[in-house]
Amino acid sequence: MQRRTLLKLGLVSGTVLALAGGAAALLQPGLVQGRLTEAGRALFMGVGRAILQGTLPQDAAAQQQALAAMADRVDTLAQNLPPHVQAELSQLVGLLGSSAGRLALAGLANGWLEAAPAEVAAALDGMRYSRLQVRRQAYQALHEIVGGAYFSDESTWAVVGYPGPQDI
Amino acid sequence: MSKLPDPIREGLQRGWKVRGGPHGAAPETLSCDVAIIGSGAGAGITAELLTRAGLSVVIVEEGPLKSSSDFRQRESDAYPQLYQESAGRKTEDKAITILQGRCVGGSTTVNWTSSFRTPPTTLGYWAQHFGLADYTPEALEPYFEQAERRLSISSWQMPPNENNELLRSGAVKLGIPVESIRRNVRGCWNLGSCGMGCPTNAKQSMLVTTIPAALDQGATLMVQTRAEHLEMAAGKVQALSCVGVLPNGALAGDAQRTRITARHYVLAGGAINSPAVLLRSKAPDPHGRLGGRTFLHPVVMTAAVMEQRVEGWAGAPQSLCTDHYLGTQPIDGPMGFKIEAPPLHPLILATTMPGMGQAQADLLRQFPHTHVLLALLRDGFHEQAPGGRVKLRSDGSPVLDYPLTGFVMEGARRALLAMAEIQFAGGARQVLPVHERGELYTTWAQAKAGIEQLPMQPLLAKVVSAHVMGGCGLAASEKQGVVRPDGVHWQVENLSVHDGSLFPTSVGANPQLSIYGIVNRLAQGLVQRLTGSAPQILA
């Protein structure tokens, strides 16, 4: 039922993220006082593992650490956002953090951390190229937050060959 | 942290009157000759001219006061502290990301220093379609000249960085003329960090020029203070109602409210925000113009991988451009565009480049060899590029509804083609149109065929903007605009608008100098009317 509701809203509304979560998102916000919930953290770590595949450290422990540090930075990023953006992000994260919302919006049956990285990547690609604006919006939001949070820290610059700013 | 002198911290120590945020609570009431909303391009010029004329001025800025000691050349500092919505402001359908300043100095604190007078073709269009007969290049000449002198706007003497040189070499091979871009800098270190706040105070932004001049003359600056609404009665503004906000814009639990009364009010919060103040104030709008015709110069990009190192983070950004494609068709024909070479830093690169996983990782690893061109699409000159409309959310915050029409996206496709052709002519090994369906093409023929087939849809093609204009448009008839040619609101006699929201179309060039020059004239007129004597010019 939720999937159908989402699809319908997606066809008619550009601001559907504000509506699509409905009661589910209101019951389980993705941010609490501007901080990611546990489900929200799992979402960004799972999505981050797929989006940043090839960029993250290869060693399993180092990779886990890099993803956890990125999730911490998503927290910081979220706290700096104005209230109306926090509210939208909370709805998106709440929705994608719930199993019904994850299935509806991303078409992913398993949890973000339980699914194989290839499954997560396929789900993200589905959103990225979707004919539904709401799914493309969600993909773009995740891509921007993950890339922004990851590369905001100096420890990530060497892998892309950026030496950092000149000391003055 | 910069070890260089910081003129803002020195000014604070000298006793500048700055309140709000960490600078101490603002008083509950204030009265002055002129209250100015905003502290960017239009506000700064206005504040300096008014204070030089001996008028008492209060400047209200929603963002924080940050200065060279704070500018560590790091995106993670700059975006949340200095930009609207952490540099992630979006149009209503999320299809366009808008870079706009939110700090003392406004967008001038974080812009890339490109300085162009308003193109004569644009002014001609304003005269013909909006009755702005006195907005000729000749009439504006002295006002541009004064602003240029005040802000050290001059040709850039250093060789262009590789990112800009590649624009030149590719264009020249195609017989396309390239021109140099004047910059508002003095003693520039050629670092390339302009977008994160100039750490050496070389950029002659409002933060280090007109705002300090106004503060030295006794102006009061209120920071982290939002102009909520103007109290209107009997066709006049009676007061400006303000409230203190937290760094992210949320109201503090014990939010300090300030009511400012003034003889005259100048709205200069920048496009999107200025119309929003008027919408919140329920300002008269008998012809439904307020917030409409808001323009963005929608930007599309191509990224090339070069044999040589480009290091797009280093050196003055945007020192060369080509206007060739603004002139290949009439101004009111298919969309023209201006091509420039932007600075590149890791956070913005990673969020802007399409794709994920190994493909994106491979692309990002080429960062030192990456060359990016951008095209600014000139919106507002054709009925199918009418811009967007500013609306209010239920919490009173503004949002811009900007539909990317098929006409605009057709211009975007031509821009992607033009940029890819220039990059291949300049020796690119591969070129990627910044589009979710874009591929790394290895020849111009391949790129041409590929780009011609791309679905040019919102949220597939990456579209950004750093130039927000319009929404309180100038017009010689009240039916056509919000503001009279002298900058005064058509229906509210003690209210002027002095910022980029004045422009009745987009400018067709980076807008900062258009704002400086045009507001310089408007503010001198305001001084004359308020004091009855001739104004001193910018010094």
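The values are calculated or read from the model by the stated rules, or taken from the named source; none is laboratory data. This one's a predicted model, so the numbers in the text were calculated from it and none came from an experiment. Note that we place each Cβ from the backbone using ideal geometry, even for glycine, and neighbour counts take in every protein chain shown.
Of all residue pairs spaced 6 or more apart or on separate chains, those with beta-carbon atoms under 6 Å, a first member in the range B:140-151 that is under 17 Å from B:P120 (Cβ atoms) and a second member that is not in a helix (DSSP H, G or I) are B:F144/B:R117.
Among the residues of the range B:349-369, just one is surrounded by 18 or more Cβ atoms within 10 Å (Cβ to Cβ), within 7 Å of chain A (Cβ to nearest Cβ) and polar (S, T, N, Q), namely B:T351. If you go through the range A:113-144 and keep only what is surrounded by 22 or more Cβ atoms within 10 Å (Cβ to Cβ) and either more than 7 Å from chain B (Cβ to nearest Cβ) or acidic (D, E) (or both), you end up with A:V120, A:A123, A:M127, A:V134, A:R135, A:A138, A:Y139, A:L142.
Going by the structure shown, is B:A233 in contact with a Lys or Arg (Cβ under 9 Å, 6 or more places away or on another chain) and more than 14 Å from chain A (Cβ to nearest Cβ)? So B:A233 fails the test. Taken as a whole, the range B:127-150 holds no residue that is of a type outside the set (V, I, T), crowded, with 23+ Cβ neighbours inside 10 Å and within 14 Å of chain A (Cβ to nearest Cβ). Filtering the range B:527-539 to residues that are in contact with an Asp or Glu (Cβ under 8 Å, 6 or more places away or on another chain) and either under 18 Å from B:A262 (Cβ atoms) or surrounded by 24 or more Cβ atoms within 10 Å (Cβ to Cβ) (or both) leaves only B:L530. Filtered by the rule that a residue be in contact with a Phe, Trp or Tyr (Cβ under 9 Å, 6 or more places away or on another chain), closer than 22 Å to B:A95 by Cα, not β-branched (V, I, T) and not in a loop (DSSP other than H, G, I, E, B), the range B:300-355 gives B:F337, B:K338, B:E340, B:P346, B:L347, B:L349, B:A350.
It is to be established whether one or more residues within the range B:293-307 are away from every other protein chain (no Cβ under 14 Å) and more than 23 Å from B:T405 (Cα to Cα). Yes, because at least one residue in the range B:293-307 is away from every other protein chain (no Cβ under 14 Å) and more than 23 Å from B:T405 (Cα to Cα).
For B:G187, the conditions (1) assigned by TED's automatic domain parsing to the domain that holds B:V243; (2) free of Cβ contacts under 8 Å to residues at least 24 places away in the same chain all hold with the exception of (1). Whether any residue in the range B:216-232 is surrounded by fewer than 21 Cβ atoms within 10 Å (Cβ to Cβ), out of contact with any Asp or Glu (no Cβ under 7 Å at 6 or more places or on another chain) and free of Cβ contacts under 8 Å to residues at least 40 places away in the same chain is what I want to check. Within the range B:216-232, not a single residue is surrounded by fewer than 21 Cβ atoms within 10 Å (Cβ to Cβ), out of contact with any Asp or Glu (no Cβ under 7 Å at 6 or more places or on another chain) and free of Cβ contacts under 8 Å to residues at least 40 places away in the same chain. Among the residues of the range B:61-96, just one is aromatic (F, W, Y) and either within 9 Å of another protein chain (Cβ to nearest Cβ) or surrounded by fewer than 22 Cβ atoms within 10 Å (Cβ to Cβ) (or both), namely B:Y79. Each residue in the range B:185-199 was checked for being of a type in the set (G, A, S), under 15 Å from B:W156 (Cα atoms) and within 12 Å of another protein chain (Cβ to nearest Cβ), and 1 pass.
Set side by side, the residues B:T46, B:T91, B:T51 differ, and just one is of a type in the set (S, T, Y) and more than 25 Å from B:P398 (Cα to Cα), which is B:T51.
For every residue, the table says whether it meets (1) under 27 Å from A:L81 (Cβ atoms); (2) modelled with pLDDT under 95; (3) not aliphatic (A, V, I, L, M).
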| position | (1), (2), (3) |
| --- | --- |
| B:V223 | yes, no, no |
| B:A233 | no, no, no |
| B:A255 | yes, yes, no |
| B:A262 | no, no, no |
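Look at B:A214 and say whether it is more than 14 Å from chain A (Cβ to nearest Cβ), part of a helix (DSSP H, G or I), within 26 Å of the chain's Cα centre (by Cα) and within 29 Å of B:Q491 (Cβ to Cβ). Reasoning before the result, please.
On the way: more than 14 Å from chain A (Cβ to nearest Cβ): yes; part of a helix (DSSP H, G or I): yes; within 26 Å of the chain's Cα centre (by Cα): yes; within 29 Å of B:Q491 (Cβ to Cβ): yes.
Yes; evaluated as a whole, the condition is true for this residue.
Which of the residues that make up the range A:50-89 are at the interface with chain B (Cβ under 10 Å from one of its Cβ atoms), in contact (Cβ under 8 Å) with a residue 12 or more places away in the chain and farther than 24 Å from B:G253 by Cα? A:A50, A:I51, A:L52, A:Q53, A:T55, A:R73, listed by residue number.
Looking only at the range B:427-463, which residues are in a loop (DSSP other than H, G, I, E, B) and free of Cβ contacts under 8 Å to residues at least 40 places away in the same chain? Talk me through it step by step, then tell me what you get.
Filtering the range B:427-463 for residues in a loop (DSSP other than H, G, I, E, B) gives B:427-429, B:434, B:436-440, B:442-443, B:454-457, B:459-460, B:462.
If the condition is that a residue be in a loop (DSSP other than H, G, I, E, B) and free of Cβ contacts under 8 Å to residues at least 40 places away in the same chain, then B:R437, B:E439, B:T442, B:T443, B:P455, B:L460 are the ones that fit.
Of all residues in the range B:381-395, those that are touching a residue at least 40 places away in the same chain (Cβ under 8 Å) have Cβ atoms under 6 Å from Cβ atoms of residues that are of a type in the set (S, T, Y), 6 or more apart or on another chain, in B:F381/B:T505; B:G387/B:T294; B:G388/B:T294; B:G388/B:Y402; B:V390/B:T294.
State yes or no: is A:L95 more than 7 Å from every other protein chain (Cβ to nearest Cβ), more than 30 Å from B:A314 (Cβ to Cβ), among the aliphatic types (A, V, I, L, M) and surrounded by 21 or more Cβ atoms within 10 Å (Cβ to Cβ)?
Working: more than 7 Å from every other protein chain (Cβ to nearest Cβ): yes; more than 30 Å from B:A314 (Cβ to Cβ): yes; among the aliphatic types (A, V, I, L, M): yes; surrounded by 21 or more Cβ atoms within 10 Å (Cβ to Cβ): yes.
Judged against the criteria, A:L95 is a match.
For the range A:145-168, the tally of residues that are of a type in the set (S, T, N, Q) and more than 7 Å from chain B (Cβ to nearest Cβ) stands at 2.
Is it the case that some residue within the range A:90-108 is farther than 17 Å from A:E38 by Cβ and among the charged types (D, E, K, R)? No, the range A:90-108 has no match at all. Taking first residues from the range B:276-290 that are more than 12 Å from B:V483 (Cα to Cα) and partners that are of a type in the set (G, A, S) and surrounded by fewer than 24 Cβ atoms within 10 Å (Cβ to Cβ), the Cβ contacts under 6 Å between residues at least 6 apart in sequence or on separate chains come to B:R280/B:G396. Would you list the strands (runs of 3 or more DSSP E) that sit entirely within the range B:1-68 and hold 3 or more residues that are under 18 Å from B:Q524 (Cα atoms)? Ranges flagged: B:29-37, B:57-60.
Would you confirm whether or not the range B:28-51 contains a residue that is surrounded by 22 or more Cβ atoms within 10 Å (Cβ to Cβ) and at pLDDT below 95? No, the conditions are met nowhere in the range B:28-51.
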